[in-house]
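Report on the following structure.
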Amino acid sequence: GSLLVLLLIGRRRCTATLGRLDDWSEEEDEQPMGSSTSKLPALRTVKDVDIPKFIGDWYVIGVIPTYFEKGACNPIEKYSWDSKKKAIAVDFQFNKGTVTGAKKSIPQTLYVDGYPKASGSMKASPFWPVKLPYLLMELSDDHTNCMVGYPSRAYLWIMSKSKSMDKKIYEEYVQIAKEQHYDVSKIENPPHEERKEEENLKE
């Protein structure tokens, strides 16, 4: 994740997820704004989110990363309620390059449509007035596992409130993403602490 601001030149596009501005691609530039998602059905999102239960620390277990997230280790989204903004304050943290690499911290804001209950269709903002889609595709009943998508299917986040996710749950999420027209072969598993990538999934 990165809040790197890209200047829009000509037809170049700048998209984002979870409040992180992403790189543009030449392939997308050849098409009108929004056309990259026009052929895809809308992502299915959860209807009910208990915000007090939802906030907390979310470890990124699986990800189709933005350009600036590649190589991030120990990625975690720290959510807390901002009563002034009536929104979720997000602190995205990770170590650059290795699990012991330089620590980075990027603040963001996640806007919801209600409190204490909200829908899974949220808006992420790295800075005002930018607000971008944050689509909560899956959320476990106990609010400890979730999957977040982006309309174009270019990016995906599978997260858990523990550093390891049950392998069965993870595989179920991957299958759902596939059914929602994601190329799941692009999913990466970033390492947490000294664990190897494959150890982030527990039997």
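The values are calculated or read from the model by the stated rules, or taken from the named source; none is laboratory data. Keep in mind it's a predicted model, so treat the numbers as computed, not measured. Every residue, glycine as well, gets a Cβ built from its backbone with ideal geometry; the counts of neighbours run over all protein chains shown. We work out accessible area using only protein heavy atoms, side chains counted, and drop any ligands, DNA or RNA first. Shrake-Rupley method; radii C 1.70, N 1.55, O 1.52, S 1.80 Å.
For the stretch 47-203, list log₁₀ I(q)/I(0) at each q in 0.16, 0.20 Å⁻¹, using the Debye formula over Cα point scatterers of equal strength and ignoring solvent, two decimals each. Values returned for q = 0.16, 0.20 Å⁻¹ are -0.90, -1.44. Normalised per residue, the accessible area of the stretch 92-199 is 50 Å², obtained with a 1.4 Å probe and no contribution from ligands, DNA or RNA. Peptides 107-114, 120-127, 153-160 ranked from most to least packed give 153-160, 120-127, 107-114, packing being the mean of other C-beta atoms within 10 angstrom over each peptide's residues. The modelled label-to-label distance for the pair Ser80/Lys96, using points 7 Å beyond Cα in the direction of Cβ, is 2.5 nm. On the beta carbon distance between Ser105 and Glu172, with R0 = 22 Å, the FRET formula returns roughly 0.10.
Each other residue within a Cβ distance under 9 Å of Lys117 adds +1 if Lys or Arg and -1 if Asp or Glu, for a net charge of -2. Run through every distinct alpha carbon pair of the stretch 32-101 and return the Kirkwood hydrodynamic radius in angstroms, one decimal place. That comes to 15.0 Å for the stretch 32-101.
Packing-based ranking of 180-193, 39-52, 57-70 yields 57-70, 180-193, 39-52, ordered from highest to lowest mean Cβ neighbour count within 10 Å.
Taking a straight line from the alpha carbon of Lys117, these lysines sit under 23 Å away, with near neighbours fewer than eight places off in the same chain left out: Lys47, Lys53, Lys78, Lys84, Lys85, Lys86, Lys131, Lys161. To put it simply, the accessible area of the stretch 46-138 at a 1.4 Å probe is 55 percent carbon and sulfur.
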